[in-house]
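To start, the structure under review is shown below, and the notes come after it.
The values are calculated or read from the model by the stated rules, or taken from the named source; none is laboratory data. From a predicted model like this one, the values you see are computed outputs, not experimental measurements. So basically every Cβ, Gly included, is an ideal-geometry build from the backbone, and we count neighbours across all protein chains shown. The accessibility values were calculated without ligands, DNA or RNA, using every heavy atom of the protein model including side chains. Shrake-Rupley method; radii C 1.70, N 1.55, O 1.52, S 1.80 Å.
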Amino acid sequence: MDMKTPLSLALVFVSVFAVYCFDHALSTTVTYDHRALVIDGKRRVLQSGSIHYPRSTPEVWPELIWKSKEGGLDVIETYVFWNYHEPVRGEYYFEGRFDLVKFVRTVQEAGLMVHLRIGPYACAEWNFGGFPLWLHFIPGIQFRTTNDLFKKEMLRFLAKIVGLMKEEKLFASQGGPIILAQVENEYELVEWAYGVAGELYVNWAAEAAISLNTTVPWVMCRQEDAPDPIINTCNGFYCDQFTPNSPSKPKMWTENYSGWFKSFGYPIPHRPVEDLAFAVARFFEMGGTFHNYYMYFGGTNFGRTAGGPLVATSYDYDAPIDEYGFIRQPKWGHLRDLHLAIKHCEEYLIRSDPTHQQLGHNLEAHIYYKSSNKCAAFLANYDSELDANVTFNGNLYFLPAWSVSILPDCKNVIFNTAKVVSQRILAHTTTANKLILSATSWSWYVEKPGVWGNNSFTESRLLEQINTTKDTSDYLWYTTSINIMPGQSKEVFLLIESLGHAALIFVNKKLVAFGYGNHDDASFSINEKISLVEGNNTLDIMSMMVGLQNFGPWFDVQGAGIFSVVLIDPWNNKYDVSAEEWTYQVGLEGEYLGLDKVIHANSSVWIKGSVPPINKTLIWYKVSFLTPQGNGPLALNLTSMGKGQAWVNGQSIGRYWPAYLSPSEGCTENCDYRGEYDSTKCQKNCGQPAQTLYHVPRSWVHPGQNLLVLHEELGGDPTKISVLTRTSQEICSFVSEDDPQPADFWILNMGFGSRSPEARLTCEQGWHITSINFASFGSPQGNCGAFSVGTCHANILPMVQKACIGEEQCSVPVSTANLGDPCPGVLKTLAIEAICSD
């Protein structure tokens, strides 16, 4: 039951060797041929995963990268985020979460390689697609086309990043970890909108990248017309059918979506690991040699970094490592086993192109030969419904529907994508320390609707919001007066139309309506019956942004805010208020006063009391809380709140909107992984908010009192907010006698030997198994979290307790020699439920 397997020993050796190489700054050459990237003269089969450095904190980068390496990755892929690296033209920022050099070095220290996606367009559900907003205000500029102003700025930033990487000796030829660079990003999806200028821009971008002499290959993802020597790569849920645009280029997959992003008002996307593994295996079966998960760790859109419209603060992405940095099982473990199985085939994959063999309807094999009698094979059943038995090389194999089996010696199956034997974690049994804030002393500040400062200004028209606020705030007040003469109707309909994203409407300082759009269409209209008074009436509109657009042709000129205001009387007479005099105020008064800042925590504007007002619009709340014990990340449960923003010790944890519920239909209790996946196939949490828990990194809090500030826009109850930290998890294993042995037992030319399948249990790093709740060998019934003893049962609880309690990880061989034989002649299964705790 020793967990120091050949894989872990091999990883230790690789890490030591890699660190030795990096310490001595050995130069590495990176080229490519039609099969693969060629590193120091050898073709490589590489697994990669996306981790975006600003979506976590430097304190956890090493752990995230270590978990990625343990999961079988060779490469970490990240975008570079121009808008935060150059917030003001010519003024650069590379500190804290945006310390790009430190992140790349952290990857290097772990012995992994880097794919640097400089872009500088990122998309990535990131605010304005990663472009700085000052770029938008350069007179005459047009983004992502043959516009000289744009090309000049783009080349300047590309050169800045490449120059910085060279100065720090981070390219492979300098002994660094960067083996690939990317210019532009998925331009093919919008190129049609730019016509001939788009085609010229692609060629210019390629030439600009090559001129920077990085000494590593450049890629353009999802760009069929990428000119030589730029490698065009595939993005999508499946890329097995992808073919590069030149026979001299390798088949590479830069974005395999491990799930999908969350949006306010939408259900939560989920991609089953069986389908994800199937897609990966099919890609390598069909000749692929470089593959990247988008995302391997998604993280958090802290502050106002989330793109738009209405992208949620959580960027969890259903990734193998969750938003908080915890391993997501069984996704992480099943993919780790897949990576190891593919790695066992590497020497075959790099030697030849695959040979195809049809095995039946929707059944096929692809064989890679090292010599005439040595080969590795992938057997695929791409039928979405029917399982099959196939004969290959004289042997019979069972292939579940929508699955691939991997045979590193063309004989023994060491992995099947549909057979998940890695452990599972029950999310609903995760326990947490919970600190409710209701009994604490509160402070609050209520904003008054409308213009609040002497920096307001007037225009006789409705202004577009982004050009007005320059994204210095999510908020813009539109204020005007409506004069009702004697005899005019006081009961009218107010029709307001907006480009997005949300708006609060006040008539005579009273809230009368709230309108909002959604991620797919941020525009909306409000048609509300209102009562006016004779004489002067005030109309105040708080227009709200929820992330700048980050995708689409000409997305940089897509507007936001109010564009039409009309009054309609009972006789259907229309009075267009749009061209009247409007007074504008950018931002909130609380923003101007700095109420989110720690230095203003004792400002005299705060009202103190033991019971704060609840369900009020435009109110700021302040409270102190004690940090729960432990070292792990925290979460704020904001279920009781409406919509707004939150700060902890002055750090913005992002936008929240629990009041926006997803549609009640469209989710499935048990999703069938078989058949092609899209982001709407396996949704969860219908009728619920997209997000209720908000990540607070442990490094953002300190022992003793910490400051929480919220700006609530709609109304909520802050006394029901709680602070959570994860303290334990229930993990399960369910492995049968006929399941494949762990792939790390496989030894080339020797096979598995006499090894048997294993049930493996692993806690989070630093956690330990504290109890075994269930253990049975025989015919256990039920699912993980609800196992029960079957008609065939061997009580192995004491044996498992002895092997596992107190350990961070343990394994139990699944064999009658080890566990006894309670029912001879019957196929038996081992089921274990355990508790991990910190």
Against the longest principal axis of the chain, how steep is helix 273-285, in degrees 0 to 90 to the nearest 10, with axes from Cα atoms? 60 degrees
Simple spin-label estimate for Val557 and Ser481 in nanometres, 7 Å along Cα-Cβ: 3.7 nm
Residues Glu737 and Phe94, FRET efficiency given R0 of 51 Å [Cβ-Cβ distance, rounded to 0.05]: 0.40
How far apart, in nm, are two points set 7 Å out from the Cα along the Cα-to-Cβ line at Ser371 and at Asn455? 7.7 nm
Using the Cα centre as the reference, give the magnitude of the dipole from point charges on the C-beta atoms of segment 359-421 (Lys, Arg: +1; Asp, Glu: -1; all else neutral), rounded to the nearest 20 debye. 360 debye
Per-residue SASA entry for Glu188, accessible area with 1.4 Å probe, Å² rounded to 10: 70 Å²
If I compute solvent accessible area with a 1.4 Å probe over the protein chains, what percent of it on segment 457-587 is carbon and sulfur? 49 percent
Toward the positive end of the charge dipole of segment 18-351, about the Cα centre and with charges on Cβ (Lys, Arg +1; Asp, Glu -1), which of Thr289, Thr31, Ile138 goes farthest? Thr31
Per residue, what volume in Å³ does the convex hull of the Cα atoms of segment 359-421 enclose? 74 Å³
Two decimals, Cα atoms only, Kirkwood Rh: what is Rg/Rh over segment 462-532? 1.02
Cα gyration tensor shape for segment 457-587, rounded if a/c is under 1.5, else prolate or oblate: prolate
Where does the chain land on Rg(C-alpha)/(2.2 N^0.38 Å)? 1.02
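On the accessible surface of segment 359-421, probed at 1.4 Å, how many percent belong to carbon and sulfur atoms? Write out the running numbers ahead of the final one.
Details: 1180 of 2570 Å².
Using a 1.4 Å probe with all protein chains present, segment 359-421 comes out at 46 percent carbon and sulfur.
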Leaving ligands and nucleic acids out of the surface, order Glu581, Glu807, Glu285 by accessible area at 1.4 Å, largest first. Glu581, Glu807, Glu285
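Run the helix sum for the chain: -39,500 (n - 2.57) per DSSP H stretch of 4+ residues, divided by residue count, reported at 222 nm to the nearest 500 deg cm²/dmol.
Using -39500 (n - 2.57) per qualifying helix, the result is -4500 deg cm²/dmol.
For the chain, with only Lys/Arg (+1) and Asp/Glu (-1) charged at the beta-carbon, what is the dipole magnitude about the Cα centre, in debye rounded to 20?
Numbers: 62 positive and 86 negative charges, 297 e Å.
Roughly 1420 debye for the chain.
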Once the dipole of the chain is set up from charges on Cβ (+1 Lys and Arg, -1 Asp and Glu), the residue from the list Cys792, Ile210, Asn773 lying farthest towards its positive end is Asn773
Quick one: net charge of His334's neighbours, Cβ under 13 Å, K/R +1, D/E -1? +3
Taking all protein chains as present, what is the carbon and sulfur share of the accessible area of segment 18-351, in % to the nearest whole number, probe 1.4 Å? 54 percent
Rounded to the nearest whole number, the per residue volume of the convex hull around the C-alpha atoms of segment 735-828 in Å³ is 113 Å³
Which chymotrypsin sites (Phe, Trp or Tyr not before Pro) does segment 516-598 hold that lie in a coil by DSSP with at most 10 other beta carbons within 10 Å? Trp571
Measuring from its Cα centre, segment 217-266 shows a charge dipole (+1 at each Lys and Arg Cβ, -1 at each Asp and Glu Cβ) which, in debye to the nearest 20, is 160 debye
Please compute the length gained on full extension between Ser679 and Ser603, using 0.36 nm multiplied by the number of residues separating them and subtracting their Cα-Cα distance. 22.7 nm
Environment charge of Gln645, counting only residues whose C-beta is closer than 14 Å and scoring Lys/Arg +1, Asp/Glu -1: -1
For Lys509, what is the net charge nearby, where nearby means another residue's Cβ is under 14 Å from its Cβ and Lys, Arg count +1, Asp, Glu -1? +1
If unit charges are put on Cβ atoms (+1 for Lys and Arg, -1 for Asp and Glu) and the dipole of segment 359-421 is taken about its Cα centre, the option from Ser384, Ala418, Ile367 lying farthest towards the positive end turns out to be Ile367
Those trypsin sites (Lys or Arg not before Pro) from segment 149-210 that are DSSP loop and have at most 13 other Cβ neighbours within 10 Å turn out to be Lys169
Using a probe radius of 1.4 Å on heavy atoms only, what accessible surface per residue do you get for the chain? Whole Å² is fine. 38 Å²
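Note the full-extension length gain between Leu189 and Glu669 as 0.36 nm times their separation in residues minus their Cα-Cα distance, in nm to one decimal.
On the way: separation 480, 0.36 × 480 = 172.80 nm, distance 3.37 nm.
Full extension of this stretch gives 169.4 nm more.
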